[in-house]
Structure formats: structure tokens, C-alpha cells
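Heads up: the structure comes next, in C-alpha cells.
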Amino acid sequence: MKNNFSNRKITIVLVSVFLFLIVLKFFYPSQNKITEIPADNIKGSVWTKYKDWPPIDLVYTWVNGSDPVHLKKKFCDALDFKNCYTKYPNINGFTDHGELKYSLRSVDMYMSWVRKIYIVTNNQIPNWLNTSNPRIQIVSLEDFYEDPSTLPSFSSPSIQHQIYRIKGLSEYFISMDDDNFITKPSWPDLLVSQDGKTFSTDFYWTAVESHSKRQRRIGHNEVKGPRLNEFLESIKYVDTLYDQTYGYAYRSIMPHAPGVFKKSIMEELHKRFPIQSQKTIRNQYRHRDDFQFQFSYFWYLIQEKEFNFEEYFQNNLADQINNNLFDTNKWNILTDALGLKYHSDSIKRITRKIARENHILQEDGMVLTLQLLKKSDYIYNALANKYSSKLKYNFKFVDSRFRFIAIGPRLSRTKFNIKEYYRNKDKINFICLNDDLPTGDHELAIKIENIMLNFLKKHYHKPSQFELKDNKRNSVLRNDGLTLDDFD
Ligand SMILES: *[C@@H]1O[C@H](CO)[C@@H](O)[C@H](O)[C@H]1NC(C)=O
Ligand SMILES: *[C@@H]1O[C@H](CO)[C@@H](O)[C@H](O)[C@H]1NC(C)=O
């Protein structure tokens with residue numbers, strides 16, 4: 001009898017534990033397996049931890065580099081196509097390896113909580129893409145450019161600085177290139193906190209690292225040796241601008257990795273640096289003086305101070321100025337903020353600088369007015385840096401979960417880089433496969449390209465929900481109806 005009773009007790013306990021586990025499984029599905037696609041956004045998802053998060057969309061920029069219409073528009077405006085190929089032989093090299101397809105597979109597998117996926121193109125449509133998928137939207141530059149008269153644009157910084165204007169885009173969005181791939185389940189809090197107040201990234205080469213041999217320091221004219229490419233030049237341009245704005249600092253470069261951006265901060269950034277951002281947006285081709293997108297955005301976010309200029313003005317400068325006459329006291333405040341001695345030369349220097357900002361040529365007779373002072377970025381920056389100790393945003397550097405895998409130009413290096421990835425893969429969520437195939441040795445180029453393709457096929461073999469089924473292909477590959485004939 002006693003035995004029976006304890007058997008029953010054990011059964012009850014076992015059944016309860018079993019039921020409890022089922023209930024637990026129901027409420028807390030394994031965070032490591034992404035099995036269901038959220039209906040709309042993170043909120044609609046089954047992942048309890050993320051149910052109160054705002055929606056996050058994903059924006060890709062994509063170019064079909066083998067599209068002759070695109071090549072013609074980009075390189076051959078005034079030339080005929082054949083001559084153009086001879087003039088720019090490397091345009092043969094712009095072939096599409098289907099990176100976007102694999103990148104979307106990786107998102108489908110490991111980041112399927114993103115709500116909508118926008119693919120920004122120069123009127124091109126990938127031949128394998130199912131454009132009927134409700135989560136996919138192809139956007140052309142005309143759809144969101146502030147001033148479409150500056151189009152066409154082949155400049156990625158110009159395009160990137162405008163994508164926040166895409167109609168219907170979520171307030172927080174991820175910007176990602178098609179050579180980026182997700183390698184394991186990755187959650188939004190890797191990039192931004194739930195309240196949107198803290199942005200974090202593990203993608204930065206840290207400032208310390210940037211001094212090491214692994215990466216050349218490129219700011220402050222310290223780089224010697226080979227000519228910098230336009231990308232590095234534009235980083236240097238922003239670095240120098242930010243030195244003038246926020247003070248001298250060692251700023252690390254963010255590699256080619258996905259990041260979370262916020263629409264309202266983009267607007268703020270453009271208001272804060274109107275000349276630089278407008279110039280970049282209007283460039284049709286990449287330029288060395290571009291306001292590099294990630295670098296300008298994230299370093300603004302890291303460094304911008306909370307400063308109420310108006311209030312500071314009213315309290316410290318305005319009331320004692322009879323609009324155009326400064327007293328010693330005020331000049332002291334200004335020279336002090338600018339790190340200058342109070343001296344007639346300093347006063348001349350400040351006046352000259354403000355005159356230049358306002359395109360006033362006759363500096364000598366210029367009288368510094370309250371209005372001019374108030375409009376001056378030079379003064380704003382100096383006062384903000386001196387009298388505000390509060391940063392506007394939070395930012396966190398975390399351990400790197402990103403790996404840049406250089407594909408080419410050498411075979412041994414490529415193999416080594418991939419091995420390196422496997423050795424560290426437990427710590428890596430995002431990779432960039434950046435191909436720099438050797439020119440001249442066609443066979444070698446193919447060999448190296450195949451290493452990359454095999455890697456992608458191995459890791460992302462299952463077609464995603466964004467692809468046409470049964471190897472179907474779109475027949476129309478441009479949504480502007482242009483063909484080569486339109487150029488003759
Ligand atoms: C790219 O464009 C070429 C030429 O129009 C086309 O043959 C190819 O299918 C396109 N590739 C993709 C991925 O759409
Ligand atoms: C494209 O996607 C739609 C909506 O998801 C689906 O109904 C359709 O079967 C797909 N078409 C192909 C050819 O895969």
C-alpha cells in the first residue's frame with residue numbers, strides 16, 4: 001500500500017514536471033532557433049523578450065553590375081558602348097555573384113524578426129526575387145530622393161544619406177550591404193536598446209586597435225604611403241571636420257557591417273552639417289569629400305553634446321550686448337571657449353571667421369552682431385564643447401561580433417581568411433565577404449570566386465521565402481523600361 005502511494009506520487013510529480021516543461025517551452029521558445037516569421041514586426045513575434053520592441057525594417061542597396069543599361073548610364077554617357085568598354089575595361093569585372101540572394105537567405109534564417117525589407121536599386125530588379133512577397137519592396141532612387149533632379153546617382157554615400165526618406169520606413173532601421181551575411185541567430189539588442197536610447201556596436205575597430213599595425217590611422221594627415229582611395233579620403237574628410245567641431249579625437253572606422261540608424265537622428269545630422277550633407281547628396285559619383293555615411297552618423301551620435309544654445313545665449317551673452325557692441329566680459333567668454341587669449345588679435349580672428357561663415361568679404365569694417373554670432377557654427381561648437389558636459393546620446397562599444405573576410409586578390413590569403421573565420425566563428429554574428437578579385441589572371445579570379453560561392457552555398461543552401469520558386473526567373477529586369485536602344 002505504502003509502495004503504491006509513493007508510485008502515484010512519483011507519477012504526479014513526473015506528469016507535473018512534464019506539463020510545466022511544455023508550458024515553459026510554449027512561453028519561452030528557445031532563443032537560439034528562429035522558427036517562425038513574425039506577422040508584422042517584432043511585436044507580433046513569438047519571442048517574449050522582444051514583444052514590446054518597435055518595428056525595425058531593413059534596407060539593402062543593390063546594383064546589378066552586369067546590367068548593360070546601368071553600365072552605360074554610369075560610365076558611357078558621351079561615348080558609344082564599345083569604346084566605353086575599352087576605356088573602362090574593369091566594367092567587365094562588375095559581375096553579380098548573387099550575394100544579395102544569399103544575404104537574404106541569411107536574414108531569413110537568423111534575423112527574420114525584421115519587418116519589411118527595402119531593396120534600393122537604380123531601377124533594377126534581381127531576376128530571382130519574388131517581388132510579390134509582401135515583406136519585400138523594391139525602391140528606386142526617384143521614389144525617395146529629396147531632389148530627383150540630381151539623379152541618376154551612382155554614389156553610395158549619396159544614396160545612403162537619403163534612404164531614411166523611404167516612404168513607410170520604420171523609425172529605426174538597419175542599413176546593410178549585399179555582401180553582409182548573418183551567421184547565427186542575431187537579435188536587435190546587439191545593435192540598439194529597446195528604448196532606442198542606447199546604440200551599441202561591436203563592429204568598430206576600436207580606437208586602440210586603430211593605432212596598431214592592423215589598421216592605418218587615416219585622420220590628421222598621418223597616413224603616408226599609397227594614395228588613399230575615395231572611401232578612406234572621405235573618412236579623413238569627416239574626421240577633420242569632426243576635429244573642428246568636437247575637438248581632436250582618435251576616431252575608429254566602422255567596417256562594412258549592418259548598423260541600426262534612426263530617421264530623426266538622420267534629419268538632425270543633416271541640419272547640423274547642412275553643407276557637407278547636401279554636397280554629398282548631390283554628388284552623382286563617389287567623391288573624396290563625401291560625408292561618409294556610417295562614420296559621420298555614428299561619430300555624430302557618439303560626440304554630439306546636449307547644449308541649449310538659446311538659453312546659454314540669453315543668460316550669458318545676449319542681455320549685456322546692446323546688439324552690436326561687445327564688452328570685455330563677453331569677449332572673455334568667447335576667447336576662453338575657443339582656447340584663445342583675450343587679445344585684439346583674437347578678436348580679429350573670431351570676427352574674420354564669422355565673416356567667412358557668412359560670406360562677408362569686407363571683414364575689417366564688419367561689426368559683430370548678435371544675429372551673426374547666433375548663426376555661427378564656430379561659436380556654437382566652441383560653447384557646446386566648453387560648457388556642456390552632457391552627451392546627447394548613449395553609445396556602447398562592445399566586443400566585436402563582426403568579421404571582415406577579404407576574398408582575393410591572393411588565393412592563399414583568401415583560404416587563410418576563411419580558416420580564420422571558422423576558428424572564431426562562435427564569437428561571430430556578422431560577416432562581410434568582400435571580393436577583390438585579381439585582374440589579369442582570369443583563371444585565378446574564377447578559383448577565388450568559387451571559394452566564396454562554395455562558402456555561401458554551403459552555409460545558405462536553402463532558398464528563402466523571398467525567392468521565386470522552382471528556379472523561376474523574372475523576365476523584366478528594369479522597372480524604368482530602359483533598354484540599350486534608348487542610348488543610341
Ligand atoms: C543582371 O543583368 C543582366 C543583364 O540584364 C541579366 O542577364 C542578369 O540576369 C541580371 N542579374 C540578376 C541577378 O538579376
Ligand atoms: C511569390 O510570392 C507569393 C507571395 O508570397 C506566392 O504566393 C507565390 O507563389 C510566389 N511565386 C513564386 C513563383 O514563387
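The values are calculated or read from the model by the stated rules, or taken from the named source; none is laboratory data. Treat the numbers as computed from the prediction; the structure is a model and nothing was measured. Using ideal geometry, Cβ is built from the backbone for each residue, glycine included, and neighbour counts are taken over all protein chains shown.
Just one of the numbered conditions (1) within 16 Å of ligand 1 (Cβ to nearest atom); (2) crowded, with 18+ Cβ neighbours inside 10 Å; (3) part of a helix (DSSP H, G or I) is not true of S464: (3).
Looking at P126, P134, just one residue is within 16 Å of ligand 2 (Cβ to nearest atom) and closer than 18 Å to N180 by Cβ, and that residue is P126. Looking across Q160, Q137, one residue alone is closer than 20 Å to V476 by Cα, in contact with a strand residue (DSSP E or B) (Cβ under 7 Å, 6 or more places away or on another chain) and more than 16 Å from ligand 1 (Cβ to nearest atom). It is Q137. When Y246 is tested against (1) among the aromatic types (F, W, Y); (2) crowded, with 16+ Cβ neighbours inside 10 Å; (3) in contact with a Phe, Trp or Tyr (Cβ under 7 Å, 6 or more places away or on another chain), exactly one condition is not met: (3). The C-beta contact set for the range 469-483 (first residue touching a residue at least 60 places away in the same chain (Cβ under 8 Å), second residue within 10 Å of ligand 1 (Cβ to nearest atom) and of a type in the set (D, E, K, R), distance under 8 angstrom, 6+ apart or interchain) comprises L477/D67; R478/D67. Taking every residue in the range 368-390 that is assigned to a helix (DSSP H, G or I) and pairing it with any residue that is surrounded by fewer than 19 Cβ atoms within 10 Å (Cβ to Cβ) and of a type in the set (S, T, N, Q), at least 6 positions away or on another chain, the pairs with Cβ-Cβ distances below 8 Å are L370/N323; L370/N324; L372/N358; K375/N358; N381/Q244. For the range 467-474, the count of residues that are basic (K, R) and outside any helix (DSSP H, G or I) is nonzero. Close Cβ contacts (under 7 Å, 6 or more residues apart or on different chains) running from residues in the range 137-154 that are farther than 13 Å from I281 by Cα and small (G, A, S) to residues that are modelled with pLDDT under 95 and assigned to a strand (DSSP E or B) comprise S140/T121.
Within the set K447, K457, the sole residue that is part of a helix (DSSP H, G or I), basic (K, R) and surrounded by 15 or more Cβ atoms within 10 Å (Cβ to Cβ) turns out to be K447.
Being of a type outside the set (S, T, N, Q), assigned to a loop (DSSP other than H, G, I, E, B), in the same structural domain as Y460 (by TED's automatic domain parsing) and surrounded by fewer than 18 Cβ atoms within 10 Å (Cβ to Cβ): is that true of P126 here? Against the criterion (of a type outside the set (S, T, N, Q), assigned to a loop (DSSP other than H, G, I, E, B), in the same structural domain as Y460 (by TED's automatic domain parsing) and surrounded by fewer than 18 Cβ atoms within 10 Å (Cβ to Cβ)), P126 does not qualify. I119 fulfils the conditions (1) part of a loop (DSSP other than H, G, I, E, B); (2) within 16 Å of ligand 1 (Cβ to nearest atom) except for a single criterion, (1). In this structure, is A39 aliphatic (A, V, I, L, M), within 16 Å of ligand 2 (Cβ to nearest atom), surrounded by fewer than 16 Cβ atoms within 10 Å (Cβ to Cβ) and at pLDDT below 60? Against the criterion (aliphatic (A, V, I, L, M), within 16 Å of ligand 2 (Cβ to nearest atom), surrounded by fewer than 16 Cβ atoms within 10 Å (Cβ to Cβ) and at pLDDT below 60), A39 qualifies.
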